[in-house]
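What follows is a single structure, written as structure tokens, with notes after it.
The values are calculated or read from the model by the stated rules, or taken from the named source; none is laboratory data. Computed from a predicted model, the values in this text were never measured in an experiment. Counting neighbours? That spans all protein chains shown, and the Cβs are built from the backbone with ideal geometry, glycine included.
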Amino acid sequence: MLFDPYVLGKLSLRNRLVMAPMTRNRASTDNVPTPSMANYYGQRADVGLIISEGTSPSADGLGYARIPGLFNAEHVAAWKPVTHAVHQKGGRIFVQLMHTGRASAAANLPAGARTIGPMAEAMPEPIYTDANGMVPADVPHALSEQEIAEVVAQYAHSAKLAIEAGFDGVELHAANGYLIEQFLNANVNRRTDGYGGSAQARNRFALEVARATVLAIGADKVGMRISPYGAFNATGAFDGLEAQYLELVRELGELKLVYLHLVNHASMGAPEIPGSFIAQLRSAFPLVFIASGGMDRARAEALIGYGATDLVAFGRPVLANPDFAARLAQDLPLNAPDFSTFYTPGDAGYLDYPTLAAT
Ligand SMILES: Cc1cc2nc3c(=O)[nH]c(=O)nc-3n(C[C@H](O)[C@H](O)[C@H](O)COP(=O)(O)O)c2cc1C
């Protein structure tokens, strides 16, 4: 089942394995994708669907060092070899649109860009910069309602460029404490205008981004990733979380987003998501569901087997195994990921994980 083809929207996937989005910081210092990135993703095209690393839809969203952008012609040209490398091997690839929002430091931003967020309050966690190591996160500029509309339009524009660059679709990153979750999360968003103060108002930005992106490229090419109960980037649970997310997911279903991707970082030390809530999310969303976090073959097969998910995403195992699908299918041993090179520049720990054939 795991290794059988699957139809996602209008796309046929060669199997139900998904490469989870992983920031690797291998773009150029001015945020342009590199030939090494084409090589890296091409190596991993034996999974049914690759979701790229977090990629910013605007200059203001480039709050981490060496993450890629997708908002101008230079980015489109530099992404084309990446999508081509994946397609040539029969793979599929969505780009994850990640706006860092308040998870940002000025030293990482290009000239003229600024750190933005729902509130003018700094994230209470430091940010890595190439220039000065760990530094405090910037105090963001709190977006006005007019400015929010401009950011929504940036996502839609970036999604159009993604299709031009050859991506099969986009994943809107509404998880892990980046801009969209900064609006969703009541611990971060304490606005009192149309974008905060109630569950409906906190969901509004996510839904506006989803709607604009659907209008730009079609619902069959748009997915969303969420992380309720996640704690990353100083978010965390809040009163009314479950009801708010269930409403969000119902509305995403009405927009006919092609998939809902649930982050479960219990395997990385985050609080467990109650199983009953995961089941409610799954049944509130009528289209494709992707589960992720700490998966192995047995767990993936069990979840698909009893209908708890449609696709299963793997992060670190795919990072460390270019031939992940082949190894999993034959129950062969996996390379262990090397944490020390997750985010470092250069090809070490990026392109040199061996395939089994090479070991
Ligand atoms: C190096 C690294 C970078 C990551 N970057 C992102 C990212 O850009 N976007 C995202 O949604 N999740 C990101 N994640 C989380 C993964 O997508 C995934 O949810 C997590 O690794 C748990 O899955 P796993 O147990 O299969 O590794 C990252 C994880 C790792 C290890």
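A compact table of results
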{"quantity": "Qualifying helices (runs of 4 or more DSSP H) (wholly inside region 275-348; at least 3 residues being among the polar types (S, T, N, Q) and more than 16 Å from the ligand (Cβ to nearest atom))", "calculated": "275-284"}
{"quantity": "Failed item, numbered, when residue 231 is tested on (1) modelled with pLDDT under 95; (2) over 20 Å from the mean Cα position of the chain (by Cα)", "calculated": "(2)"}
{"quantity": "Filtered residues of region 24-70 (kept if more than 20 Å from residue 161 (Cα to Cα), under 18 Å from the mean Cα position of the chain (by Cα) and surrounded by fewer than 21 Cβ atoms within 10 Å (Cβ to Cβ))", "calculated": "25, 65"}
{"quantity": "Test: residue in region 119-139 that is under 30 Å from residue 168 (Cβ atoms) and under 19 Å from the mean Cα position of the chain (by Cα)", "calculated": "no"}
{"quantity": "Extreme residue, nearest to residue 233 (Cα to Cα), among residues of region 108-149 that are acidic (Asp, Glu) and surrounded by fewer than 17 Cβ atoms within 10 Å (Cβ to Cβ)", "calculated": "125"}
{"quantity": "Residue in region 321-332 that is out of contact with any helix residue (DSSP H, G or I) (no Cβ under 7 Å at 6 or more places or on another chain) and buried (at least 18 other Cβ atoms within 10 Å of the Cβ) present", "calculated": "yes"}
{"quantity": "Test for residue 174: is it surrounded by 24 or more Cβ atoms within 10 Å (Cβ to Cβ), modelled with pLDDT of 95 or more and either in contact with a Lys or Arg (Cβ under 6 Å, 6 or more places away or on another chain) or of a type in the set (A, V, I, L, M, F, W, C) (or both)", "calculated": "yes"}
{"quantity": "Flag if residue 254 is free of Cβ contacts under 8 Å to residues at least 60 places away in the same chain and under 30 Å from residue 104 (Cβ atoms)", "calculated": "no"}
{"quantity": "Criterion violated by residue 237 - all others in (1) among the hydrophobic types (A, V, I, L, M, F, W, C); (2) more than 21 Å from residue 20 (Cβ to Cβ); (3) crowded, with 20+ Cβ neighbours inside 10 Å satisfied", "calculated": "(3)"}
{"quantity": "Inter-residue pairs, beta-carbon under 6 Å, first closer than 14 Å to residue 20 by Cβ and in region 279-304, second assigned to a helix (DSSP H, G or I) and of a type in the set (S, T, N, Q), 6+ apart", "calculated": "293/267; 294/267"}
{"quantity": "Hits in region 14-38 (condition: within 15 Å of the ligand (Cβ to nearest atom) and out of contact with any Pro (no Cβ under 8 Å at 6 or more places or on another chain))", "calculated": "16, 17, 18, 19, 20, 21, 22, 23, 24"}
{"quantity": "Residue check for residue 218: free of Cβ contacts under 8 Å to residues at least 12 places away in the same chain and either of a type in the set (S, T, N, Q) or surrounded by fewer than 24 Cβ atoms within 10 Å (Cβ to Cβ) (or both)", "calculated": "yes"}
{"quantity": "Qualifying positions in region 84-113 - β-branched (Val, Ile, Thr) and more than 16 Å from the ligand (Cβ to nearest atom)", "calculated": "86"}
